[in-house]
Each structure stands twice: as C-alpha cells, then as structure tokens.
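So the structure is just underneath, and the comments pick up after that.
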Amino acid sequence: MAAKSEVAEFKAYLTNDDGTVKVRALNANKEQFDEIHKNMEEYKWVEGDFLLASYQKNGTHFMWEIMTMLLRGSAEYIRSPKEACMIDLFPLKKTDAVFPSPRVLNTHYRLDVLPKEFRGRKTVLVVRNPKDTSVSAYHHEKNIHSVLKKDYQELTFSQYLKSFMEDKARFYGRYFDYIEYMWSLKDDPNMLVIFFEDLILDPVANIQKVNEFMGTQRSPELVEKIASATTFDNMKEGKAVKTEINPKLREQMSRVIQGPSKPEAGELGQRIYRKGKIGDWKNHLTVAENEMFDEFLAKWPLSKEIKFTFV
C-alpha cells in the first residue's frame with residue numbers, strides 16, 4: 001500500500017500495489033492520517049482475530065455486533081463501540097486497550113489498498129443493494145454534518161445520487177468500484193459474503209453461516225438469541241443506548257471531527273441507526289431516477305452475477 005497527501009483541503013489516499021487504484025482516505029488532517037497509516041503499515045496480524053469489510057452503510061454495525069457476540073459467546077450488547085476496532089479511524093496501537101484479541105477489526109476500504117498483512121485473513125464481506133445504499137449514505141452524511149456543524153452545502157437527494165453514481169473521488173471510492181473488486185474475492189476460502197438483505201429476511205440462517213465460517217461453534221439457542229438482539233429495532237433501542245464511549249476513543253473521535261464538545265463527539269454514535277429497511281429507496285428515487293439507475297445497472301457487468309434484493 002502506498003499513500004500520499006495534498007495540502008489545502010486535506011486529502012489523503014490509499015493505493016493498491018501497482019498504483020492503478022487510488023481511494024480517498026477518511027482522515028481529517030495530516031497528523032491523523034500519518035498516525036493511522038503508520039499503525040496500519042506496522043501492524044502484525046493476531047491469529048484468532050477476524051476482519052469485517054463492507055462499503056459504508058452496508059450493515060457494518062449490524063454484522064460487527066453479530067460477529068463479536070459469536071466470539072464472546074453471549075447475546076449481550078457490546079458496551080464499547082465498534083469504532084475502536086475500525087482501522088480506518090482508530091490507531092491500531094490503541095485498539096488493544098479497548099478490545100484485546102480475539103476481536104473483529106473492521107474497515108470500509110477495499111482490501112487491495114490495505115497493507116498485505118490484512119489480506120487473506122478470515123474476512124466477512126457484507127453487501128447491500130446499491131439503491132438502498134445510496135439513500136442510507138445520503139442521510140448518514142447529512143446527520144454527521146449536522147453534528148460537525150462545519151460549513152456544509154447540503155445537497156438534495158437528486159444531487160447526491162449523481163455523486164454516488166459517478167464520483168470516484170468520494171471517501172472510500174465509488175460503491176460500484178468497491179463491489180467489483182471485493183466480489184472478485186468471493187471464492188477465496190477465507191472470505192464469506194453475506195447480503196444485508198438476507199440478514200434482515202432470515203437472520204438465524206445467516207448468523208449460522210457466520211458462526212460456521214468463524215468456527216465459533218455456538219449453539220442454535222445462542223444463534224437465535226443473537227438474531228433477536230440484533231434486529232434493527234433492538235439494536236437502536238438497546239445497543240445505541242448502552243454504548244459507552246471509551247476516553248481514548250472519545251479523544252480520537254474529537255480529533256476526527258475537529259473540535260466539537262465531548263457530548264457532540266459521542267452523539268455521532270447515536271446517529272448511526274436510521275431505518276435498516278429493505279426498499280426505502282422507493283421513498284426517495286423519482287420514477288426518472290429509478291429508470292436511470294436501472295439503465296446503469298443493466299450495463300454494469302456484475303448485475304448479471306449479483307442477485308440484489310431491492311424490495
């Protein structure tokens with residue numbers, strides 16, 4: 001992985017080994033980028049850990065809770081937030097203080113721009129249909145910026161949709177480019193692909209797939225308890241309320257968002273959970289926008305291979 005940064009509005013990038021892929025990093029300033037990037041480069045994988053990969057708003061919090069419950073053998077909510085295991089945001093040298101191994105590290109980066117130490121590890125990939133992803137990402141960005149209180153030119157959904165479809169300079173890159181690369185790894189024995197919609201429609205069966213993949217060997221009774229605990233409504237009412245912001249994580253989040261008060265930094269975590277529904281795109285896309293989306297998907301090679309659930 002190579003990295004470079006630009007001055008002015010701070011922009012940092014991760015690139016793949018031959019430099020043909022460049023993905024914008026999620027870092028607020030050079031100091032933060034350098035610390036997180038250095039930690040990634042120096043990190044040595046710990047056997048027994050797992051990696052969770054997904055594009056943003058594809059069910060990362062949902063799956064991280066499931067995987068960590070399976071690891072711990074309990075359906076109790078994890079009190080510390082997953083951001084302490086998020087290698088994009090939290091320096092790995094500080095992760096041990098919050099989550100010692102075994103643990104589930106997580107990332108929104110495609111794996112080819114991460115150091116080789118993170119590739120070929122036991123990885124769960126969560127994929128959500130692109131229409132609902134675009135809607136969820138739109139509301140997520142609006143919510144985050146309302147906390148940050150920075151100068152922000154709010155886009156209409158129609159404006160945002162155009163950026164979602166076309167802008168390769170987005171944080172983490174474009175959804176379709178991410179999915180194309182990550183889908184190419186689907187047959188790797190160390191990769192398990194789970195669809196967000198399948199988790200919603202049949203949680204027990206899909207949590208059992210994760211249980212088998214991780215080798216945690218949890219009982220059917222515990223799998224059912226985890227399925228119940230991790231429904232969207234239960235996560236929103238239980239997990240979000242019970243989450244405690246570790247002081248080290250609070251400090252790091254304050255650095256990321258550059259200056260809000262401590263309560264506001266903690267408030268970010270409360271804005272993660274919105275609807276978690278399948279088909280919410282129908283409440284946002286106009287008929288013309290949906291037709292445009294369908295035309296795009298018809299030309300996208302993976303549409304014939306990936307059977308998305310849209311409703």
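The values are calculated or read from the model by the stated rules, or taken from the named source; none is laboratory data. Quantities reported herein were computed from a predicted structural model and do not represent experimental measurements. As a convention, Cβ positions derive from the backbone with ideal geometry for all residues, glycine included, and neighbour counts pool all protein chains shown. Areas reflect the complete protein model, heavy atoms only, side chains present, ligands, DNA and RNA absent. Shrake-Rupley method; radii C 1.70, N 1.55, O 1.52, S 1.80 Å.
So here's what we get for this one:
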| item | result |
| --- | --- |
| Greater than 29 Å apart at Cα, pairs in Lys22/Lys186; Lys277/Lys307; Lys142/Lys277; Lys38/Lys236 | Lys38/Lys236 |
| Residues of type aspartates and glutamates that Lys209 reaches as a straight line, Cα spacing below 14 Å, ignoring anything fewer than 8 places off in the same chain | Asp198, Glu224 |
| Solvent-accessible area per residue, Å², over the range 62-123 with all protein chains present [probe radius 1.4 Å] | 30 Å² |
| Amide H partners (placed H, <5 Å) of Tyr13, local residues excluded | Lys4, Ala25 |
| GluC sites (Glu not before Pro) lying in DSSP loop within the range 59-102, provided at most 15 other Cβ fall within 10 Å | Glu76 |
| Accessible area of the range 61-194 belonging to carbon and sulfur atoms, whole % at 1.4 Å probe | 49 percent |
